[in-house]
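The values are calculated or read from the model by the stated rules, or taken from the named source; none is laboratory data. Nothing here was measured: the structure is a model prediction, and the numbers come from that model. Note that we place each Cβ from the backbone using ideal geometry, even for glycine, and neighbour counts take in every protein chain shown. Note: areas computed on protein heavy atoms with side chains; ligands, DNA, RNA excluded. Shrake-Rupley method; radii C 1.70, N 1.55, O 1.52, S 1.80 Å.
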Amino acid sequence: MDFAFTDEQMMIAETAKAFFSENATSERTRAAMAGDGIDHALWQAFCTELGLSGIGIPESAGGAGLGLVELAIIAEAAGAQVAALPMLGSLALCAQAIVAGGSADQQASHLPALLSGETIAGYAHDAALKADGNALTGAAGFVAHGGAAGLFVVTSNTGAWLIAADAPGVTVTPLTTMDQTRPFARVTLNSAQGEPLANPAEAIAAAHRAGFVTVAAEGLGVAQAALDRTVAYARERVQFGRAIGSFQAYKHRLADMVVEIEQARSAVYWAACAVDEGSDEAALAVHAAKSFAADTAFKCAGDMIQLHGGIGFTWEHDAHLYFKRARSLQSMLGSGNWHREQVAAMILGEAA
Amino acid sequence: MRLGFTQSEEQFRAECADWLNAQMAGEFADIRGITTLTEKAERRKEWEQHLGAHGWSCIGWPKEWGGRGATLAEQVIFAEEYARAGVPGRVNHIGIELAGPTLLALGTEEQKRRFLPDIAAGKTIFCQGFSEPGAGSDLASVRTKARLEGNEWVVEGQKIWTSLAHISDWIFVVARSEEGSKGPKGLTFLMMEIDQPGIEIRPIKQINGDAEFNETFFDGARCPADSLIGAVGDGWRVAMTLLSFERGVSTLGQQMAFRNELDGIIAAAKANGTASDPLIRQRIARAEIGLQLMRYGAMRMLSNTDHSKVDGAALTYKIQWATWRRNLGELAMDVLGQAGEVTGSPEYEWGMLPNLFLYSRADTIYGGTNQIQRNLIAERGLGMPREPRGDA
Ligand SMILES: Cc1cc2nc3c(=O)[nH]c(=O)nc-3n(C[C@H](O)[C@H](O)[C@H](O)COP(=O)(O)OP(=O)(O)OC[C@H]3O[C@@H](n4cnc5c(N)ncnc54)[C@H](O)[C@@H]3O)c2cc1C
């Protein structure tokens, strides 16, 4: 039992933090927001120069090895800058699904392009998907970065398929989305021919685990950054002849943010580590982490606006980027209430 | 980063569990499952001595002082198995968790020899004389006076909220030893024997009907001139060192007691049907998640070996668990409904869950109130300006 980062993990954290704070600047993120919500140059640098895209993917599948702890470290750093990257869809959801549920051939033909950044993948889930053999009909309403995707992993509750964005019968409609750093698209399938993943149950389970943990880790990064920026402002802004950070009502609100963030940090790395170690606790931990860290992100981002006053409500200030990202973290891949109900079912049995 | 335990640690777990379960099934069956601090105090002192005699009292201490030199993981395991076996809380909590570690850190060799083996053996029970009627959150404004008279300190004044003073052998006292000094300067940290004419103890009844804490009066109370930790006038630093030990391994044992309470709520909710109420389900899930995060927060805090930086997990731990437990008490009553507001006892004695509801109101007060915790987090953790002091 040792719940502290190893030297290697510390190094990855420093590398990722430096990379995102230098490159995922507000200016570049805003340029991406005006387009498809992706800073393509940043994504290229992330995948090829830094080679961080292979983390959490086994070396046998062309990845860099390591696990969800390291993936979470990177997602935390990306979240802290609200980086406009397709990491969640391409790597956490789709690549993990292909690694866990794809045949060796499927891995070999799809993973390299995902890891090099050449192809962006989107995860499209439709519980009511109709599969006539492998001819798929249905729709997924909110596919993150779906407008930029060349490949989709399409799932129903039991099946999982690969399908190219330009395949016949596939319609992708980009949607104007509140969080412009991760816009959604509606993906409609009309008898589109999917390539079934060899082991769909494994694919879905792996995508969920990695997706929940990645969303949670991003939320942790968002929350910590919201706090750090607010603390900096609290030092410099003066009202009533004193720094606003000297008012107790203000200090206590900052302290409450810290209390939530510390728990979110425990949640994220507990969940990531439990999955990596194959612990019995993993199933509960990923739901705990997703619901807790996303709520923490939202609380802190909301407080960031309040504690900045009027400037925090402007388009120019970055507070709204955190706020909007936090909102989408709460609702994507299952609401907080849904995740907590999964926890309740584990300890109380199914709802009557 | 690794959460699991090794094979030999799991073996140690089995050894702890076997021994503890055997004691709770045998000689000490009568104290199994007690949840208040005061019930059967005399038997629980015997239990302290039994633990000491078998080397299970202070396993993290060095062997020479009555410990086992146990590793962190082993201490975690023992704390968990202790509570899992239904063993009641340690009546010498203050001695083993606070006074002992403070002596280990700041005591002289002579003092270590004098006190540590007896604390570990359950023969010296300590209580904590910090708070006064005029000095609670603002501990540095204590007024109890100590003056040297020949070979002895003579102490005059009053302490309050002294938990378990009525069953303790020794009390440590933060007293003003420099006439006219103010605030944290001029304080001395004394250790005094309680059984003497100059000390009087009067119980104070609490909202749950129990009387765990007391008023402690000092009227010409005496102790030898060398019965102090640190130097004369250095009492503030000693007191702060002592308080830093409140976030030790004992937190994990405490959490197992919380686990028993949450399990009690889950059982009650299943029994009376509230387990199917979606709002109650959400709250139980939140409580479960909060308890897990407390466990892993404590693991992070204990795993942290870099003491050069402020440790956020340690700084937030008190307010985290206290607030969690207060919410748990409210959840317990909402699950029980009105049945929770009556007791079968004619004595105003409460079962585990109603008592949790009442007692948890103290958790957010003692050991630094939630407001004081927030001040500390903002000031020490975030470097925000400190609260201004008044002149009064
Ligand atoms: C069950 C129990 C057991 C205890 N056991 C012991 C013991 O064994 N030994 C011992 O020495 N003491 C003990 N205490 C005392 C405990 O440490 C004090 O009660 C606590 O420190 C608060 O002090 P106070 O009661 O004087 O409240 P006060 O300090 O008067 O506080 C009253 C209110 O004012 C608020 N307040 C005070 N200062 C500030 C500030 N700067 N900013 C914002 N709000 C502020 C507080 O949060 C609180 O809400 C115990 C208390 C309890 C309830």
Legend entry - Size of charge dipole - region B:248-381 - debye, nearest 20, with Cβ of Lys, Arg +1 and Asp, Glu -1, no other charges: 480
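Size of the dipole of region A:165-321 about the Cα centre, Lys and Arg at +1 and Asp and Glu at -1 on the beta carbon, nothing else charged, in debye to 20?
On the way: 12 positive and 18 negative charges, 144 e Å.
Dipole about the Cα centre, nearest 20: 700 debye.
For the protein assembly as shown, what is the charge dipole size about the Cα centre, in debye to the nearest 20, if Lys and Arg each add +1 at the Cβ and Asp and Glu each add -1 at the Cβ?
On the way: 63 positive and 87 negative charges, 327 e Å.
Dipole size: approximately 1560 debye.
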Legend entry - Global geometry of region B:248-381, whether rounded, prolate or oblate, following the gyration tensor of its Cα atoms and the 1.5 cut on a/c: prolate
Inset, instruction - Would you mind checking region B:23-53 for residues with the amide N under 20 Å from a putative spin-label position 7 Å along Cα→C-beta of residue B:349? - result: B:28-47
Legend entry - Under Karplus coefficients 6.51, -1.76 and 1.60, residue-wise ³J(HN,Hα) of region B:35-41 in Hz, glycine/proline x: 10, 8, 7, 9, 5, 6, 4
Legend entry - Near-label residues of region B:54-93 by backbone N, under 13 Å of a point 7 Å along Cα→Cβ of residue B:32: B:84-88
Legend entry - Cα coordinate range in region A:202-351, projected on the principal axes (Å, largest first): 58, 30, 28
Legend entry - Percent of alpha-carbon pairs separated by more than 18 Å within region B:27-149: 59
Inset, instruction - Summarise the accessible area of region A:193-352 (1.4 Å probe, protein heavy atoms) by the percent that is carbon and sulfur. - result: 54
Inset, instruction - Please give the FRET efficiency for residue A:347 paired with residue B:40, using the beta carbon to beta carbon distance and R0 = 35 Å, rounded to the nearest 0.05. - result: 0.65
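Which order do you get for B:72, A:329 if you rank them by accessible area with a 1.4 Å probe, largest at the top?
Numbers: B:72 50, A:329 0 Å².
Sorted descending by solvent-accessible area, the residues read B:72, A:329.
How long are the three semi-axes of the equivalent ellipsoid for chain B, computed from the Cα gyration tensor as the root of 5 times each eigenvalue, in whole Å, largest first? Intermediate results must be reported in sequence, preceding the final value.
Values: eigenvalues 233, 124, 105 Å².
Ellipsoid semi-axes (Å, largest first): 34, 25, 23.
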Legend entry - For region B:268-276, 3J(HN,Hα) per residue [Karplus equation, 6.51 cos²θ - 1.76 cosθ + 1.60, θ = phi - 60°, Hz, x = Gly/Pro]: 5, 5, 5, 5, 9, x, 5, 5, 9
Inset, instruction - Please report the orientation-averaged projected area of region B:7-91, defined via the convex hull of its C-alpha atoms, in nm². - result: 5.3
Inset, instruction - Divide by every residue of chain B the summed helix terms, -39500 (n - 2.57) for each DSSP H run of at least 4, and state the resulting mean residue ellipticity at 222 nm, rounded to the nearest 500 deg cm²/dmol. - result: -14000 deg cm²/dmol
Legend entry - At least 20 Å² of accessible area lost relative to the chain alone, listed for region A:1-23 with a 1.4 Å probe: A:1, A:2, A:3, A:4
Legend entry - Buried accessible area, chains B and A (both chains, 1.4 Å probe, Å² to nearest 100): 4300
Legend entry - Farthest positive-ward along region B:7-91 dipole, Cα basis, beta-carbon charges - from B:35, B:78, B:54: B:35
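Quick one: net charge around residue B:277, please, counting Lys, Arg +1 and Asp, Glu -1 for every other residue with C-beta under 10 Å from its C-beta.
Working: positive: B:281, B:283; negative: B:334.
Here the count lands on +1.
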Inset, instruction - Enumerate the amide H contacts of residue A:57 below 5 Å, restricted to partners 5 or more residues apart or on another chain; note that Pro and chain-start residues carry no placed amide H. - result: A:64, A:65
Inset, instruction - Could you order B:93, A:287 so the one with the most accessible surface comes first? Probe is 1.4 Å. - result: B:93, A:287
Legend entry - Local net charge near residue A:308, Cβ-Cβ under 9 Å (Lys/Arg +1, Asp/Glu -1): +2
Inset, instruction - Using a 10 Å Cβ count of at most 12 others and DSSP loop calls, identify the longest part of chain B lacking such GluC sites (Glu not before Pro). - result: B:180-346
Inset, instruction - Can you spot the aspartates and glutamates whose alpha carbon is less than 17 Å from residue B:63's alpha carbon? Ignore those fewer than 8 places along the same chain. - result: B:74, B:97, B:109, B:110, B:118
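Could you work out the percent of alpha carbon pairs in the protein assembly as shown separated by over 50 Å, rounded to a whole number?
Values: 63235 of 276396 pairs.
I get 23 percent for the Cα pairs in the protein assembly as shown exceeding 50 Å.
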Legend entry - residue B:341 paired with residue B:14, simple spin-label distance in nm, labels 7 Å along Cα-to-beta-carbon: 5.1
Inset, instruction - For residue A:324, list the aspartates and glutamates whose Cα falls under 18 Å from its own Cα; do not include residues on the same chain fewer than 8 positions away. - result: A:27, A:36, A:39, A:76, A:179, A:218, A:228, A:295, A:303, A:316
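Please arrange A:163, B:94 by accessible surface area, largest first, computed with a 1.4 Å probe and ligands excluded.
Details: A:163 5, B:94 25 Å².
Sorted descending by solvent-accessible area, the residues read B:94, A:163.
Tally Lys and Arg at +1 and Asp and Glu at -1 over the other residues with C-beta under 14 Å from the C-beta of residue A:102: what net charge comes out? Can you show the working numbers first?
Numbers: positive: none; negative: A:105, A:195, A:202.
That sum, taken over residues with Cβ under 14 Å, equals -3.
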Inset, instruction - Work out from phi, with θ = phi - 60° and the Karplus expression 6.51 cos²θ - 1.76 cosθ + 1.60, the ³J(HN,Hα) of each residue of region A:250-255, listed in order in whole Hz, and give x for Gly and Pro. - result: 6, 4, 5, 5, 4, 4
